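Q: Have a look at the structure that comes next, please.
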Amino acid sequence: MSRFDLIAFDIDGTLVRHPDDWTVWEVLNKRYIGTGEVNKQRYADYVAGKISYADWVEMDVTGWRDAGATKSDMIEGFAPLELIPGTREMLKALEGTGSRLIVISGTLDLMLNTLLPEHPFAEVYCNHIGFDDAGKISHWQATPFDMQGKETALRAVALREGIPLSRCAYVGDSGNDVWIADAAGFSIAFCPKSEELVAKADVVVDTGDLRDILPHLMDPG
Ligand SMILES: [Mg+2]
């Protein structure tokens, strides 16, 4: 049995990894504009309030579009990304426990659907990219549920489903997970890259294998 009625997951760095800990945004910026370094400046501008999150998404996505990105080429570009060991086994173990499994992430839907097309998530909150018939980027929708918004999404789903926050768990790895980790009844920092997250999380699991989070989420026996 699961100890929780709802378990929410981050994607980049939590279920999916890059050898240098890059997010999907850095991977695609490197592919289409030649560098992932712009992410640092755009993040700084976002934190400073100079650009909105939606502005940031638009800057990245239009950069790829203007460089001629297509759906199939973007999927090829995901090659450096891989599922973290134990992802499928961990999700399989949680499926059928009655716990509602969801994603609240700043990732791209195309990446999740490429690396984990058979995912068991009842709901996925992340950034959307749409393509025209020729496979070119035609539109996008920035998620309102990254950063502090992750907490908003968790609270909204819990309220709608009638699940107390004490029965909600969260698994994440980075600075954008701090607010939701604080709001969830129980939070796991998985291979954390943020000291702030470590401070907020109930437990840290840094083995690099997602099967090792199961003892924290399931009742023994
Ligand atoms: Mg992450």
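Q: For Arg155 and Glu195, what does the FRET efficiency come to when R0 = 25 Å and r is the distance between their Cβ atoms, rounded to the nearest 0.05?
A: With a Förster radius of 25 Å, E is 0.50.
Q: Relative contact order for segment 24-77 using alpha-carbon pairs under 8 Å, separation at least 6, rounded to a whole percent?
A: Computed over segment 24-77, the figure is 41 percent.
Q: Restricting things to alpha carbons, find the Rg to Rh ratio for segment 1-136 using the Kirkwood radius for Rh.
A: When Rh is taken as the Kirkwood radius, the ratio is 1.00.
Q: With the Cα gyration tensor of segment 24-77 in hand, convert its eigenvalues to equivalent ellipsoid semi-axes via √(5λ) and list them largest first in whole Å.
A: Semi-axis lengths for segment 24-77 are 21, 11, 8 Å.
Q: If the limit is 24 Å between Cα atoms, which of Lys30/Lys71; Lys40/Lys92; Lys30/Lys193 go over it?
A: As for pairs spanning more than 24 Å Cα to Cα, those are Lys40/Lys92.
Q: Suppose the chain between Ser52 and Asp219 were pulled fully straight at 0.36 nm per residue; how much longer would it get relative to their current alpha carbon spacing?
A: Between Ser52 and Asp219, full extension yields 56.0 nm more.
Q: Quick one: what are the phi-derived ³J(HN,Hα) couplings along segment 152-162, Karplus 6.51/-1.76/1.60 with θ = phi - 60°, whole Hz, x for glycine and proline?
A: 4, 5, 4, 4, 5, 5, 4, 5, 4, 8, x
Q: How far is the Cα center of segment 175-209 from the Cα center of segment 1-24, in Å?
A: Centre-to-centre (Cα) distance: 11 Å.
Q: Over the chain, what is the mean sequence separation of C-alpha contacts under 8 Å (at least six apart), divided by residue count, expressed as relative contact order in percent?
A: Computed value for the chain: 26 percent relative contact order.
Q: Hey, another quick one. Counting only helical runs of four or more DSSP H residues, what would the 222 nm mean residue ellipticity of the chain come to if each run contributes -39,500 (n - 2.57) and the total is spread over all its residues?
A: Calculated mean residue ellipticity at 222 nm is -11000 deg cm²/dmol.
Every number here is computed from the coordinates shown, using simple stated rules; none is lab data. All values derive from a computational prediction rather than experimental measurement. Don't worry about glycine lacking a Cβ; one is built from the backbone with ideal geometry, like all the others, and counts go over all protein chains shown.
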